[in-house]
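Following: one structure in structure tokens, then a few remarks.
The values are calculated or read from the model by the stated rules, or taken from the named source; none is laboratory data. Given the structure is predicted, the values throughout are model-derived calculations rather than measurements. Heads up, the Cβs are rebuilt from the backbone with ideal geometry, glycines too, and the neighbour counts pull from every protein chain shown. Protein only, heavy atoms only, side chains kept; ligands, DNA and RNA dropped before computing areas. Shrake-Rupley method; radii C 1.70, N 1.55, O 1.52, S 1.80 Å.
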Amino acid sequence: MFQPFGRQETVRLTMGQALIKFLQMQYTEYDGEIRRFIPAIWGIFGHGNVSGLSQALWEYGAELPYYQPTNEQSMAHAASGFARTRLRTQTFACTTSIGPGATNMVTGAATAHINRLPVLLLPSDYYATRFQGQVLQDIEHPISLDMSVTDCFRVVSQFFDRITRPEQILYAAPEAMRVMADPVDAGPATIALPQDIQSVAFDCPTNFFRKKIWRIERRQPDARRIEEAVALLKESENPYILAGGGVHYAKAWAELREFSDRFGIPVGETHSGRGALRDESPLLIGGSGHTGTPLSGKYAADADLVFLIGTRLADFATGSYSAWQHPEVKFVSINVSGAHAHKLGALPIVADARESLRALIAAGGQAGIKPNAGYVESIAVDRQNWLRQKRDSVYAQYPNERMSQAQVIGALNDFMDAGDTLVCAAGTAPGDLHQLFEATAGRVLHLEFGNSCMGYDIPGAIGVRLARPDDDGEVYVFLGDGNYLLHPMELKTAVQEGLKLTVILLQNDGFQSIHGHQKVLVGHSLGNEFRVRNQETGKLDDGDFVEIDYAKNAESIGLRAWNVSDEDQLKTALEEAREEKRSCMIVAQIERYSRLPRSGIWWDVFGAEVTDDDDTKALVDEREEGRQGQRFYW
């Protein structure tokens with residue numbers, strides 16, 4: 001019989017045991033700091049992994065703490081929140097059973113993939129031997145006997161492999177680590193584990209368990225690209241910076257500030273780029289794109305040169321390719337990914353953001369480039385006008401209305417301290433925070449808007465909390481009632497682990513973000529508010545609102561809870577919540593239909609091309625006027 005590894009020292013282990021031992025020896029190094037790459041594992045056990053991976057974890061996982069979520073989607077979200085907070089130097093492993101346990105995790109995988117976050121996914125799979133015939137919880141494909149439900153992960157993973165012999169883990173596991181540690185390839189790595197192979201033994205080389213350090217490298221910019229970019233900057237009269245999440249992962253905060261100050265360039269930030277300028281700056285014009293500030297919309301439209309720094313240029317940031325209207329606009333894109341750096345026909349600087357900005361600062365200084373004084377002065381004047389507008393009208397309490405969502409954000413701006421983090425994902429909340437929240441002075445805004453994934457907020461915040469010790473400030477969760485109802489029970493996990501979160505639940509009785517889209521695109525309401533069906537009309541959209549006591553729901557899980565209806569009550573609840581050791585929930589009754597000032601940047605959503613409804617037709621015609629601003633940039 002063929003015996004591999006005959007001349008190496010080996011130890012006989014099951015595949016699951018070997019994987020668990022391997023994970024505890026993986027490290028990353030970034031700028032000289034070494035950390036455990038996979039410091040913990042999350043899992044829900046079913047028949048697909050209980051006798052395999054759970055046994056291995058029990059026997060060999062002394063340095064791999066286990067966390068128990070209530071839903072498989074949640075653990076991927078928690079890993080994403082943790083990985084983002086740790087700047088992609090660490091993440092969690094997630095194990096599921098076969099069937100629905102695995103497919104529940106697909107949404108979490110998609111969210112991590114879109115946001116370029118490393119997460120190690122270990123779904124269970126069918127029996128590789130096939131002696132058992134068709135197995136419980138797996139699909140039966142008529143012409144592909146090797147297809148499984150875990151094949152769903154292929155399209156939402158940066159790396160995918162299925163282990164059909166135990167020795168294959170020797171090659172799959174290191175490759176998964178390599179992909180997750182690569183700044184370009186970072187994203188979910190899925191290793192599908194057939195439930196029999198998890199428990200099959202083999203002679204594993206002991207060098208598989210040596211300490212391995214995966215160095216996260218900083219790619220240096222090409223000198224010619226820097227020269228070309230400086231030449232463009234020297235000719236520019238209205239330059240503009242769009243800062244994305246890559247600024248954070250490159251730790252390029254100081255360099256971005258110096259680049260902006262040295263050459264007088266205003267900075268707009270994407271959703272994941274919020275806080276890229278960490279302190280107040282006269283050139284910080286806030287959130288950019290469709291949900292950005294009117295200030296950023298104006299300067300984006302007029303820019304003749306745009307520096308795109310660490311952004312993948314999704315449609316909210318680009319206004320569906322309508323944000324930049326200068327007839328001769330040019331782009332310089334700094335990104336570790338060549339695929340993103342070449343978008344918009346940009347001059348590509350395929351390199352680390354920090355190193356690229358340092359090179360641009362030095363080269364720009366040598367070229368004698370100075371700020372355009374008139375341009376900088378106009379930014380300062382417009383910025384003060386926007387700050388005044390926020391104070392006088394956006395944060396104002398209007399007669400006969402509930403407290404607005406904007407007022408809640410204003411109160412948080414006043415209340416949150418350095419080291420506090422605010423987590424948010426879907427609905428109207430991310431857009432309002434993108435425009436209004438002050439992610440400066442040490443306050444962190446953690447927006448998941450790549451996938452805009454309802455249900456991310458609470459488990460994502462748990463990941464943030466695990467990445468930030470209790471003495472690093474409070475972790476707030478900012479979400480609407482529709483979002484909360486999708487995934488409330490991870491609050492059990494926070495209570496179970498003694499993790500302090502403060503949930504600010506905005507009660508506006510429905511999915512008011514999509515309801516707003518529906519009103520401006522269709523002109524009618526259907527299925528977006530929480531109403532009791534009207535027994536007379538038979539309709540769901542003209543009955544009374546459903547009465548739900550979210551505070552009592554939170555108290556039943558073990559949180560302290562408040563109901564607030566005005567700013568004074570909100571501020572009192574925030575003060576009291578900060579003093580609590582346990583998790584808290586503040587339920588804020590807010591105005592259902594309030595909206596912020598528009599950014600002036602269009603966003604492409606198709607309305608009905610053919611309709612007999614006059615209201616819908618008028619709205620669609622009005623919407624289509626914005627399409628005239630779309631451009632092909634090259």
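Taking the numbered list (1) over 19 Å from the mean Cα position of the chain (by Cα); (2) over 24 Å from residue 410 (Cβ atoms); (3) in contact (Cβ under 8 Å) with a residue 12 or more places away in the chain; (4) surrounded by fewer than 22 Cβ atoms within 10 Å (Cβ to Cβ) in turn, residue 494 passes all entries but (4).
Those strands (runs of 3 or more DSSP E) of segment 152-233 in which at least 2 residues are open to solvent by 30 Å² or more (accessible area, probe 1.4 Å) and over 27 Å from residue 82 (Cα atoms), considering only elements entirely within it, cover 201-205. State which residue is nearest to residue 587 (Cα to Cα) when the search covers only segment 506-546 and only residues that are open to solvent by less than 30 Å² (accessible area, probe 1.4 Å) and acidic (Asp, Glu). Restricting to residues being open to solvent by less than 30 Å² (accessible area, probe 1.4 Å) and acidic (Asp, Glu), the top hit is 509.
When segment 145-172 is limited to residues that are among the small types (Gly, Ala, Ser) and touching an Asp or Glu at 6+ places or on another chain (Cβ under 9 Å), the one that is nearest to residue 17 (Cα to Cα) turns out to be 172.
Take segment 107-140 and flag every residue that is among the charged types (D, E, K, R) and at pLDDT below 90.
Listed by number, the residues that qualify are 130, 138, 140.
The number of residues in segment 473-501 being in a helix (DSSP H, G or I) and touching a Lys or Arg at 6+ places or on another chain (Cβ under 9 Å) comes to 3. Residues in segment 385-426 that are farther than 22 Å from residue 482 by Cα and basic (Lys, Arg) were compared, and the one that is most open to solvent (accessible area, probe 1.4 Å) is 391. Part of a helix (DSSP H, G or I) and within 17 Å of residue 180 (Cβ to Cβ) - does that describe any residue in segment 86-95? No, the conditions are met nowhere in segment 86-95. The helices (runs of 4 or more DSSP H) located wholly in segment 541-634 that include 2 or more residues which are closer than 30 Å to residue 499 by Cα and without any contact (Cβ under 8 Å) to a residue 24 or more places away in the chain occupy 550-557, 567-579. Of all residues in segment 398-419, those satisfying the criterion of being over 20 Å from residue 575 (Cβ atoms) and in contact with a helix residue (DSSP H, G or I) (Cβ under 8 Å, 6 or more places away or on another chain) are 405, 406.
With respect to residue 393, is the statement that it is out of contact with any Lys or Arg (no Cβ under 7 Å at 6 or more places or on another chain), within 25 Å of residue 298 (Cβ to Cβ) and at pLDDT 95 or above true?
When the stated conditions are applied, residue 393 does not pass them.
For segment 24-50, the candidate set comprises residues that are over 19 Å from residue 95 (Cα atoms) and in contact with a Ser or Thr (Cβ under 8 Å, 6 or more places away or on another chain); within that set, the residue that is surrounded by the most Cβ atoms within 10 Å (Cβ to Cβ) is 28. When only residues in segment 214-230 that are touching a residue at least 40 places away in the same chain (Cβ under 8 Å) and more than 31 Å from the chain's Cα centre (by Cα) count, which is farthest from residue 332 (Cα to Cα)? Checked segment 214-230; the qualifying residue farthest from residue 332 (Cα to Cα) is 223.
Regarding segment 240-255, can at least one residue be identified that is surrounded by fewer than 20 Cβ atoms within 10 Å (Cβ to Cβ) and part of a helix (DSSP H, G or I)? Yes, there is a match, as at least one residue in segment 240-255 is surrounded by fewer than 20 Cβ atoms within 10 Å (Cβ to Cβ) and part of a helix (DSSP H, G or I).
Of all residues in segment 135-151, how many are touching a Pro at 6+ places or on another chain (Cβ under 9 Å) and open to solvent by 70 Å² or more (accessible area, probe 1.4 Å)? So the answer is 1. When segment 256-284 is limited to residues that are assigned to a strand (DSSP E or B) and farther than 13 Å from residue 306 by Cβ, the one that is least open to solvent (accessible area, probe 1.4 Å) turns out to be 269.
Among the residues of segment 361-372, are any hydrophobic (A, V, I, L, M, F, W, C), part of a helix (DSSP H, G or I) and surrounded by 22 or more Cβ atoms within 10 Å (Cβ to Cβ)?
No; the residues of segment 361-372 include none that is hydrophobic (A, V, I, L, M, F, W, C), part of a helix (DSSP H, G or I) and surrounded by 22 or more Cβ atoms within 10 Å (Cβ to Cβ).
Residues considered: 326, 290. Of these, the only one that is open to solvent by 10 Å² or more (accessible area, probe 1.4 Å), more than 23 Å from residue 442 (Cβ to Cβ) and either of a type in the set (Gly, Ala, Ser) or touching a Gly at 6+ places or on another chain (Cβ under 7 Å) (or both) is 290. Residues in segment 330-340 that are open to solvent by less than 20 Å² (accessible area, probe 1.4 Å) and among the β-branched types (Val, Ile, Thr): 2 in all.
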